[in-house]
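First up is the structure itself, then whatever we jot down about it.
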Amino acid sequence: PDGNRTTAPNFNPSLERADEAREQKNADRPSQVNKYMKLDQKGKLMAEYVWVDAAGETRSKSREYKPEDLPVWNFDGSSTDQAPGENSDVYLRPCAVYPDPFRGVPNIIVLAECWSADGVPIKSNFRHDCAKVMEAYADHEPWFGLEQEYTFLDHDDRPYGWPAGGFPAPQGPYYCGVGSGKVVLRDVVESHYKACLYAGINISGTNAEVMPGQWEFQVGPCEGIQMGDQLWIARFFLARVSEDFGVKVSWHPKPIRGDWNGAGLHSNFSTKEMRTEGGMKHIEDALKKLEPHHAECIKEYGEDNDQRLTGRHETGSIEQFNYGVANRGCSIRIPRETAAKGYGYFEDRRPASNADPYRVTKILMTSIFGKL
Ligand code: ADP
Ligand code: MN
Ligand code: MN
Ligand code: MN
Ligand code: MN
C-alpha cells in the first residue's frame with residue numbers, strides 16, 4: 001500500500017495538503033474572528049489602555065473595567081525602555097475615553113498618561129506640560145489641524161507595492177491617484193477612516209501622497225489638548241488596522257533617500273483672534289514671534305527631520321525660517337484663502353511625520369504667547 005511513496009522521496013503529499021489547509025484557514029480568518037467577537041460578554045466590559053512609548057510609538061493592553069471607576073493601571077516600564085528594571089512600574093493615568101471600533105459597544109479605548117511611582121510624569125509623557133500650556137492660554141481658543149503623512153511598508157520594510165529590488169516610475173501619477181498601479185491599500189485607509197469616525201475622532205480627510213505607498217489623513221480642527229489626544233488615538237488606530245491587514249506603517253520622515261517626497265505633519269494653527277475680522281495682523285504677529293524660535297521649534301518637530309527639510313520636495317530649508325502666501329517651499333504657508341479674506345489660519349510645514357503632537361502644539365503656543 002505504501003509503494004507509491006517510495007517512488008517520489010522528495011514529495012510529501014500530506015505536508016503539502018496541510019499547507020493548503022492552513023492557507024484556506026487563513027483566508028477564512030475574518031469570519032472566524034467574527035464568530036468569537038459576536039459572543040456575549042456576560043456584562044463584563046473591556047478597556048484597551050493606550051500609551052505613548054519611549055520611541056514615540058503607541059503601545060496598549062486590555063483589562064476589564066467598571067464604568068463608575070476607570071482605574072489607574074500600570075505596566076512593566078523596563079520592557080518598553082520607560083523605566084529601570086529595579087523600579088519598573090509605570091502608572092497609566094486615564095485621560096481620555098473613546099468608543100472601541102475594534103470590539104464595539106460597550107467596550108472602550110482609554111488614552112493614558114505615563115507617571116512614575118514617585119508621582120511625576122515620566123520623560124516620554126509630553127502630554128502633561130502641553131495640557132498645562134493649553135489650559136493657561138485657553139482664552140485664545142487655539143485650534144489645530146494636523147496633516148499626518150505616513151508610508152505603508154511590506155514585510156521587507158520597503159514601501160508597499162514597490163517592485164522587489166527596484167523602484168517605481170518617478171513621482172507624478174501617485175498624489176491623489178486613483179487606480180491599480182497608482183495607489184495601494186486603499187482598503188486599509190478606508191477602514192482606518194471609519195474606525196476614527198466611529199470613535200468620535202475629528203478626522204477631516206485623507207489623500208494618497210506624492211510618493212507611492214504614502215498616504216495622509218487630517219485630524220482637526222481640534223481645540224487645545226484635544227489635538228494631541230486625537231492624533232495619538234488616530235495613530236494607534238492606523239497601526240491596529242494595518243495589523244489586521246498584515247501591513248506595516250512607517251512614521252519616518254524620509255523613508256527613501258533621493259528623489260522621493262518625505263513625510264510631514266503639517267500643523268495648521270489659529271486662535272480666536274486670527275479667525276475673526278482683522279485676524280491677519282494676529283497671524284503676522286505670531287509669525288514674527290515664531291521666527292527667533294526656529295531652532296527651538298525644530299528640536300520639537302521630530303527625529304531625522306534634517307533628511308526631509310532640504311528645501312526640495314515641497315519643503316523649506318531646516319536652516320532658515322520663512323513664510324509666504326500659497327508657497328509650499330516655505331517653513332510657513334499662509335493659505336491663499338486666508339490672505340484673500342484677511343483672517344483665518346496658517347500652516348507650519350516644518351514638523352516631521354514622527355513628531356509628537358503634544359510637543360508641536362505646545363511649542364507653537366509658548367513661542368507665540370510665552371513660556372509658563
Ligand atoms: P493642505 O492643503 O495643506 O494639504 P489639508 O486640507 O490637508 O491642507 O489640511 C488642512 C487642515 O487645516 C485640516 O486638518 C483642517 O482641519 C485644518 N484647519 C482648517 N481651518 C483651520 C483653522 N481655522 N485653524 C486650524 N486648523 C484649521
Ligand atoms: Mn504579566
Ligand atoms: Mn494635506
Ligand atoms: Mn500632504
Ligand atoms: Mn499641508
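The values are calculated or read from the model by the stated rules, or taken from the named source; none is laboratory data. What you see is a predicted model; the values in this text were computed from it and never measured. No Cβ is skipped: glycine too gets one built from the backbone with ideal geometry, and neighbour counts run over all protein chains shown.
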Verdict on Gly200 being within 30 Å of Leu372 (Cβ to Cβ), in a loop (DSSP other than H, G, I, E, B) and not basic (Lys, Arg): yes
Inter-residue pairs, beta-carbon under 7 Å, first touching a residue at least 12 places away in the same chain (Cβ under 8 Å) and in region 97-114, second surrounded by fewer than 20 Cβ atoms within 10 Å (Cβ to Cβ) and of a type in the set (Phe, Trp, Tyr), 6+ apart: Pro99/Tyr198; Pro101/Tyr198
Selection status of Gly316, within 13 Å of ligand 5 (Cβ to nearest atom), without any contact (Cβ under 8 Å) to a residue 60 or more places away in the chain and under 17 Å from Gly302 (Cα atoms): yes
Residue in region 317-324 that is surrounded by 22 or more Cβ atoms within 10 Å (Cβ to Cβ) and either charged (D, E, K, R) or farther than 19 Å from Pro142 by Cα (or both) present: no
Any chance Val188 is among the aliphatic types (A, V, I, L, M), in contact (Cβ under 8 Å) with a residue 12 or more places away in the chain, away from ligand 4 (no atom under 16 Å from the Cβ) and in contact with a Gly (Cβ under 6 Å, 6 or more places away or on another chain): no
Residues being modelled with pLDDT of 95 or more and either surrounded by fewer than 20 Cβ atoms within 10 Å (Cβ to Cβ) or aliphatic (A, V, I, L, M) (or both) - total across region 326-338: 5
Every residue from region 43-60 that is surrounded by 13 or more Cβ atoms within 10 Å (Cβ to Cβ), of a type in the set (D, E, K, R) and farther than 18 Å from Phe126 by Cβ: Glu48
Lone qualifier among Gly56, Gly104 - being at positive phi and either of a type in the set (S, T, N, Q) or under 21 Å from the mean Cα position of the chain (by Cα) (or both): Gly56
Of all residues in region 184-230 being within 10 Å of ligand 1 (Cβ to nearest atom) and under 12 Å from the mean Cα position of the chain (by Cα), the one that is surrounded by the fewest Cβ atoms within 10 Å (Cβ to Cβ): Gln218
Number of positions in region 129-164 that are in contact (Cβ under 8 Å) with a residue 24 or more places away in the chain and more than 30 Å from Gly344 (Cα to Cα): 10
Candidates Tyr137, Tyr91, Tyr65, Tyr98, filtered to the one that is within 28 Å of Phe245 (Cβ to Cβ) and surrounded by 13 or more Cβ atoms within 10 Å (Cβ to Cβ): Tyr98
When residues of region 261-285 are limited to those that are within 14 Å of ligand 3 (Cβ to nearest atom) and surrounded by fewer than 24 Cβ atoms within 10 Å (Cβ to Cβ), the one nearest to the chain's Cα centre (by Cα): His266
Scope region 331-359; condition in contact with a Phe, Trp or Tyr (Cβ under 9 Å, 6 or more places away or on another chain), in a loop (DSSP other than H, G, I, E, B) and more than 15 Å from ligand 3 (Cβ to nearest atom); matching residues: Ser331, Asn354, Ala355, Asp356
Qualifying residues in region 246-263 (those that are in contact with a helix residue (DSSP H, G or I) (Cβ under 9 Å, 6 or more places away or on another chain) and within 16 Å of ligand 5 (Cβ to nearest atom)) - the one nearest to Ser367 (Cα to Cα): Pro253
Considering residues of region 318-353 that are farther than 19 Å from Lys288 by Cβ and touching a helix residue (DSSP H, G or I) at 6+ places or on another chain (Cβ under 6 Å) only, the residue farthest from ligand 1 (Cβ to nearest atom): Ile318
Residue that is nearest to Glu284 (Cα to Cα) [pool: residues in region 340-372 that are among the small types (Gly, Ala, Ser) and surrounded by fewer than 16 Cβ atoms within 10 Å (Cβ to Cβ)]: Gly342
